[in-house]
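First the structure, in the form of structure tokens, and then the observations on it.
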Amino acid sequence: MSAAQKRSGAIRKSKKGPSVGTGGYGRKALEGKGPTPKAEDRPYHKAYKNKELAERSAAKRGPAKGAAPRGRSTGGRSKNSEELVTGRNSVVEALRAGIPTKALYIAIRIDVDERVREVLKIAAERGIPVMETGKPELDRMTDEAIHQGLVLQVPPYNYADALETVKATISKYNKGHIKNAPLFIALDGITDPRNLGAIIRSASAFNAHAVIVPERRSVGMTASAWKTSAGAAVRVPVTRAPNLTSTLKGIKEAGVFVIGLDGEGDVSLPDLGLATDPLCIVVGSEGKGLSRLVRENCDLIVSIPINSNMESLNASMAVGITLYEVSRKRSK
């Protein structure tokens, strides 16, 4: 027996036959199994279990209202939409300001700090429902906004009708139930909720009876407006006008003088002689000012004297100055 035959491991076959294929299995093995699934889609992962718990909880409670836009303050929203305030600083500031709150959502096993303690304390004092919720559900509720484990649900604002409010106020004034002449502020083209909040705050400081906002293309009562008003929105109602031009006509028919604020007014604010009468002050946006139709329906256009180097005043500032001057004239 030769040495090659004794060493079986060294035997080489010289005859070559047709190679046997793998039927494509080799190629498939090289291709891999595709991208790794997300953690919440893997049955044995903790995130998957949290997702299932959140879905079951959401199914019991029903679909969350006001899904869009979440955690943002914008004008022109649906009357019935709800808003979410997200983030620890925002939530604690909103609660400090006394914003009406439907529910507080707090993450399970949240890292508690001073802000969280204060939020829970205010919620307990005000009887606000507190819901412990998994992080996946909070992410879904807020459209992936940074919530830091705290989400505040603000109910939709209940707007009264502007013209009905004016007529009811005039009726009370005529019967002697209201001491000061009725005073209203109407907003034309104001879209910044912080402007609305500041105007409400000034309205409360100078005894105005209501703020009027148009139903379309206008700011609404958002969480940001509530917060800027520093709680004054509880005292001064914000009313809605389906059409501002038509509402102003109705206000004039009810016996209220309508004055518009504009840099090129017919009368300077210090010379205003209507301050002691029932009054509606109309203010436009800082850039565009009063719209043409609104301007045409004003009884008088009033200007605030300012330095010539300054083109215009912020809407809320203009309203504050005008309210102060009206209040000063009424106190004489």
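Derivation of every value follows stated rules applied to the coordinates shown; laboratory data play no part. All of these numbers come straight from a predicted model, not from anything done at the bench. Methodologically, a virtual Cβ is constructed for each residue, glycine included, from the backbone with ideal geometry; neighbour enumeration extends over all protein chains shown.
So which GluC sites (Glu not before Pro) in segment 210-299 end up in coil per DSSP with only 10 or fewer other C-beta atoms within 10 Å? Taking segment 210-299 and a limit of 10 other Cβ atoms within 10 Å, the loop GluC sites (Glu not before Pro) found are Glu264. Between Ser331 and Asn158, the FRET efficiency from the beta-carbon distance, with R0 = 35 Å, is close to 0.60. With θ taken as phi - 60° and the Karplus curve 6.51 cos²θ - 1.76 cosθ + 1.60 applied, the whole-hertz 3J(HN,Hα) list for segment 143-157 is 6, 6, 6, 6, 10, 6, x, 10, 9, 10, 9, 9, x, x, 6 Hz, x standing for glycine and proline.
For the listed residue pairs Lys102/Lys288; Lys172/Lys288; Lys121/Lys227, the alpha carbons are over 25 angstrom apart in Lys102/Lys288; Lys172/Lys288. Take the Cα of Lys121, step 7 Å toward its Cβ, do the same at Asn307, and the gap between the two points is 4.3 nm.
Counting other Cβ atoms within 10 Å as a rough exposure proxy, the listed residues Ser285, Ser316 run Ser285, Ser316 from fewest neighbours to most. A straight chain from Glu144 to Ala103 at 0.36 nm per residue would run longer than the Cα-Cα distance by 12.9 nm. FRET efficiency for the Arg292 to Glu253 pair, using the beta carbon distance and R₀ = 25 Å, is estimated at 0.75.
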